[in-house]
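The values are calculated or read from the model by the stated rules, or taken from the named source; none is laboratory data. Source: prediction; values computed, not measured. All Cβ positions, even for glycine, are placed from backbone atoms using ideal geometry, and neighbour counts span all protein chains on display.
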Amino acid sequence: MEILRDTRPTLEIRNPSKPCARNGVHAASKIDFCSLCKQHAIFPHASGTIINLATVLGCSLQYIYPRVDPSTYPIHSEPRSRPSQQDIDSSSMHTDNFATNAVHAGSAPDPSTGAVIPSISLSTTYRQDSIGVHKGFEYSRSANPNRNDFETMLASLEVGSEEAIAFSSGSAATAAAAQWACLSEEEGGGRTAEDIADGGKSHILCINDMYGGTYRYLARVAKTTGNLEASFLDFDQVGEAGIRSAIRRNTKRKQIVWIESPTNPMLILPPLTLISEILHSIPEAHRPILLVDNTFLSPYYSNPLTLGADVALHSISKYINGHSDVIMGALVIRKGSAQRLSQGFRFLQNSSGGIPSPFDCYLASRGAKTLPLRALKHGLNALQISTALSKDSRIAKVSYPGLKSSPYYERAVGALSRQAKKDLSKLGWDTRALEARAGIINGTIKHHRPHHFSGNATTVDAITEQGIPFSGMISIHLASPDPSDPEVSHAITDKFLTSLRLFSLAESLGGVESLAEAPWQMTHGSIPEAQRLALGIDPSLVRLSVGIEDVDDLLQDIHQALDVAFS
Ligand SMILES: *Cc1c(COP(=O)(O)O)cnc(C)c1O
């Protein structure tokens, strides 16, 4: 297996004494490569570890273990059907880019049939050659080929990651991450023996404006476990001292700092770089882990694991699947912190059973192949629509972090992934000037934007006059003739939402079709009223999930519905 020898020589000699199942005895514990053939990985059941390796090596899963009985292959020939860059130049360290990974990672042709798309593996159980000797799969709750494929693909898209773990929903991923804080270190969790002995509660410090279901779980369900507390902080407003004082320093590794960026539904970008710097200034043994819910941006627009986060949470139900026909979630773990977190997350998942079905994994893998195309179009449409709406007097406020007029514009530019910048630059955005404007100079992120912008402002402004595409979510406050009367606002919002022709009045987001909803009563109805109002979630608020339809049709639809609502 040339790839392994060329790129990670340490991998194959980690435990050279154990021959693989192919050549005799099967290793019983951790993953290793066969000492005789140097090709086959030895994998009792740690599918996560296999994925780590596949991701790290940039090779497809099937190079590590063939889907079909390995005895059908000659020992030294490989079940690959496409020459890789490594075949052409074994010293090359080429790694494929985002759009290529979206299409190819976790989607290798099936070596037994040549099928270009992996088959859906519905079997719940897998025949073993002898006791404990199998091909990496025992029972489908613990591991399934389609789920592995999806996880491989997702890990390749979320840059900076080592491993992705797919769940039955974003909410199941949320529950596992929260439970992790209460799980003992022995089981891979966040609670040390000291923590358990002193009986202190594990603590999750959350951003105060978040997905309603996440709030519901953390505020109302998590505490029923008895040893978990959640508190909520306006990270955007409290400043550095406020953030530092909210992090409980007297605890060992049992805290999570839980961020959404942008927040839902107010689309606030918290100071992620600052939060990460504060956390990374805390000694490793006491440092809380940083979890960022990256659902709204998707790995296309931003990669929080490259910005200091330890875990990226996704509701796959949104942009990654992208077609409003799958409920699924994932936790994606940063390179380097994978072992501890992965053990705990997988243990919790296997124990509570929150796994996605093979069919959903297949659908979501198919959906994700077009993520880069869709995400860009969502963003271009949303930028154009938010620009138009910010000029309409019937809209009191437009929130879209990509708008140049947004207070979060600099943070949006600073959060952009390498892939998004590459695409924007091809479309004519001067991304280097944008970065300079956002205070990112030579890759060093500064908190304060420079006072003097030295780029060629005229040219840059002409091209990027409006701002940058930054996902498809826009929040607007409709201008009520009587803002003090919630009934009046409600009536206008209802009229507007029910007069839309192309935008469906529906919860959720991130699908190819445009959706519109009223967070006050719909997605965020489970948050106490006083808290909703304090956040700006009032009856005049409308959240738009801009789809990939023709933007002129969408604009026409919004304008005609506004005409009806304000007539
Ligand atoms: C939808 C969503 C979730 C929950 O995901 P489900 O797949 O619906 O369980 C979590 N976070 C955010 C930001 C979401 O939009």
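At a glance:
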{"item": "Subset of the stretch 137-151 (residues that are buried (at least 24 other Cβ atoms within 10 Å of the Cβ) and of a type in the set (S, T, N, Q))", "result": "ASN144, ASN146, ASN148"}
{"item": "Members of the stretch 494-504 that are surrounded by fewer than 24 Cβ atoms within 10 Å (Cβ to Cβ) and under 23 Å from SER298 (Cα atoms)", "result": "SER504"}
{"item": "Residue within the stretch 125-142 that is more than 16 Å from the ligand (Cβ to nearest atom), among the aliphatic types (A, V, I, L, M) and over 30 Å from GLY213 (Cβ atoms) present", "result": "yes"}
{"item": "Within the stretch 209-303, strands (runs of 3 or more DSSP E) holding 3 or more residues that are of a type in the set (Phe, Trp, Tyr)", "result": "none"}
{"item": "Any hit, the stretch 502-516, residues being out of contact with any strand residue (DSSP E or B) (no Cβ under 9 Å at 6 or more places or on another chain), of a type outside the set (Val, Ile, Thr) and modelled with pLDDT under 95", "result": "no"}
{"item": "Subset of the stretch 161-184 (residues that are at pLDDT below 95 and in contact with an Asp or Glu (Cβ under 9 Å, 6 or more places away or on another chain))", "result": "SER184"}
{"item": "Some residue of the stretch 232-251 being within 16 Å of the ligand (Cβ to nearest atom) and more than 17 Å from the chain's Cα centre (by Cα)", "result": "yes"}
{"item": "Check on LEU274, of a type outside the set (Ser, Thr, Tyr) and surrounded by fewer than 24 Cβ atoms within 10 Å (Cβ to Cβ)", "result": "yes"}
{"item": "The stretch 288-298 - residue that is within 14 Å of the ligand (Cβ to nearest atom) and either at negative phi or not assigned by TED's automatic domain parsing to the domain that holds GLN255 (or both) and, of those, farthest from the chain's Cα centre (by Cα)", "result": "LEU291"}
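Residue-wise test of (1) over 28 Å from ILE289 (Cα atoms); (2) at pLDDT 95 or above; (3) not in a loop (DSSP other than H, G, I, E, B).
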| site | (1), (2), (3) |
| --- | --- |
| PHE359 | yes, yes, yes |
| LEU363 | yes, yes, yes |
| ARG366 | yes, yes, yes |
| PRO372 | yes, yes, yes |
| LYS377 | yes, yes, yes |
| SER393 | yes, yes, no |
| ALA396 | yes, yes, yes |
| PRO401 | no, yes, no |
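This table checks each residue for (1) over 18 Å from GLY170 (Cβ atoms); (2) within 16 Å of the ligand (Cβ to nearest atom); (3) over 15 Å from the mean Cα position of the chain (by Cα).
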position: HIS286; (1), (2), (3): yes, no, yes
position: THR306; (1), (2), (3): yes, no, no
position: SER315; (1), (2), (3): no, yes, no
position: ILE327; (1), (2), (3): no, yes, no
position: GLY336; (1), (2), (3): yes, no, yes
position: GLN343; (1), (2), (3): yes, no, yes
position: CYS361; (1), (2), (3): no, yes, yes
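One line per residue, one yes/no per condition, for (1) within 16 Å of the ligand (Cβ to nearest atom); (2) basic (Lys, Arg); (3) in a helix (DSSP H, G or I):
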| position | (1), (2), (3) |
| --- | --- |
| VAL159 | no, no, no |
| GLU162 | no, no, no |
| ALA166 | yes, no, no |
| SER171 | yes, no, yes |
| THR174 | yes, no, yes |
| ALA178 | yes, no, yes |
| CYS182 | no, no, no |
| GLY189 | no, no, no |
| ILE196 | no, no, yes |
